[in-house]
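Engineer: Before anything else, here's the structure in question.
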Amino acid sequence: MKKDTEIILGRLEARITELGISERKACLLAGLKVDSVRQIRRGFAPKVATLLALSKALEVPVSYFTSGIDFAEEGADDPADQILGYVSVPTLETRAGMGGGGFGDEDMLNGPTMLPERLIRTELRGEPTDFVVMEVEGQSMQPTLESGDQVLVDRRKKNPSNGGLFALWDGFGIVVKWVERVANSNPPSLRIASENKVFQPYEILAEEANIIGRIVWYARKL
């Protein structure tokens, strides 16, 4: 068995033991074949989809399985890049109850989401830390975005001068909306609009908004 597969297996077994469940139950919770863990024990490196499913079922980030792997001699910055061809992108926590102290995105970054390296570095020409993944909530952006969609936010793109679809803190919560500057407004203001016309547009002062970044990609569960 290769060292990297052995480390993944060790972490997987430790988490299963910690939860007090059987390997069979772990596989069933993940929606996998009941012998999936046994296949890893036989020396078969797990696929990306397998690790993603297991991480969700066992309530750990994918990096839990890979962070113990040492690729220093191969020059890898992120072991997941080498094992999977994927990179770890931070997840932004969007649940309510954040308090009234304003918004600091670095304080709300959660465990990583694994995305294809080609998407991040080749198609979007960035690094994993340039982006965050967040989940859309509610019906305000239907039909463009559905509740439960995962969106990728490019934190390098925060200027709404030409309008666009952005993730932002609007003073009340984190939302995904169409954002544009209000022409000739003094003080400068932003117009925030939903795709679903049931929801009325509103304006806020630009200084009261914290634009996280532009939406550049999304994924939807079928």
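The values are calculated or read from the model by the stated rules, or taken from the named source; none is laboratory data. Keep in mind that what you see is a predicted model, and the values were worked out from it rather than measured. When we count neighbours, we look across all protein chains shown, and the Cβ atoms used for this are built from the backbone with ideal geometry, even at glycine.
Engineer: Does the stretch 1-13 hold any residues that are over 25 Å from the mean Cα position of the chain (by Cα) and in a helix (DSSP H, G or I), and which are they? Reasoning before the result, please.
Structural biologist: To start, the set of residues in the stretch 1-13 that are over 25 Å from the mean Cα position of the chain (by Cα) comprises 1-3, 6, 10, 13.
Of everything in the stretch 1-13, those that are over 25 Å from the mean Cα position of the chain (by Cα) and in a helix (DSSP H, G or I) turn out to be Lys3, Glu6, Gly10, Glu13.
Engineer: Out of all the residues in the stretch 22-61, which are under 17 Å from the mean Cα position of the chain (by Cα) and either surrounded by fewer than 15 Cβ atoms within 10 Å (Cβ to Cβ) or not in a helix (DSSP H, G or I) (or both)?
Structural biologist: Kept after step one, since they are under 17 Å from the mean Cα position of the chain (by Cα), are these residues of the stretch 22-61: 48-49, 51-57, 59-61.
Across the stretch 22-61, the qualifying residues are Ala49, Lys56, Glu59, Val60, Pro61.
Engineer: Grab the strands (runs of 3 or more DSSP E) fully contained in the stretch 103-222, keeping just those with 1 or more residues being closer than 30 Å to Pro61 by Cβ and not polar (S, T, N, Q). I'd like the intermediate steps shown before the answer.
Structural biologist: Working: elements: 109-116, 131-135, 150-154, 164-169, 174-181, 189-193, 202-205, 210-219.
Per the criteria, 109-116, 131-135, 150-154, 164-169, 174-181, 210-219.
Engineer: Right, Ser189: surrounded by fewer than 16 Cβ atoms within 10 Å (Cβ to Cβ) and either at pLDDT 95 or above or small (Gly, Ala, Ser) (or both) or not?
Structural biologist: So Ser189 does not fit the description; no.
Rundown of residues vs (1) buried (at least 18 other Cβ atoms within 10 Å of the Cβ); (2) within 30 Å of Ala49 (Cα to Cα); (3) aliphatic (A, V, I, L, M), yes/no style:
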| residue | (1), (2), (3) |
| --- | --- |
| Gln150 | no, yes, no |
| Ser161 | no, no, no |
| Trp169 | yes, no, no |
| Val182 | no, no, yes |
| Ile204 | no, no, yes |
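Engineer: Can you confirm whether Trp217 is closer than 23 Å to Leu152 by Cβ, surrounded by 13 or more Cβ atoms within 10 Å (Cβ to Cβ), modelled with pLDDT of 90 or more and out of contact with any Cys (no Cβ under 7 Å at 6 or more places or on another chain)?
Structural biologist: The answer is yes for Trp217.
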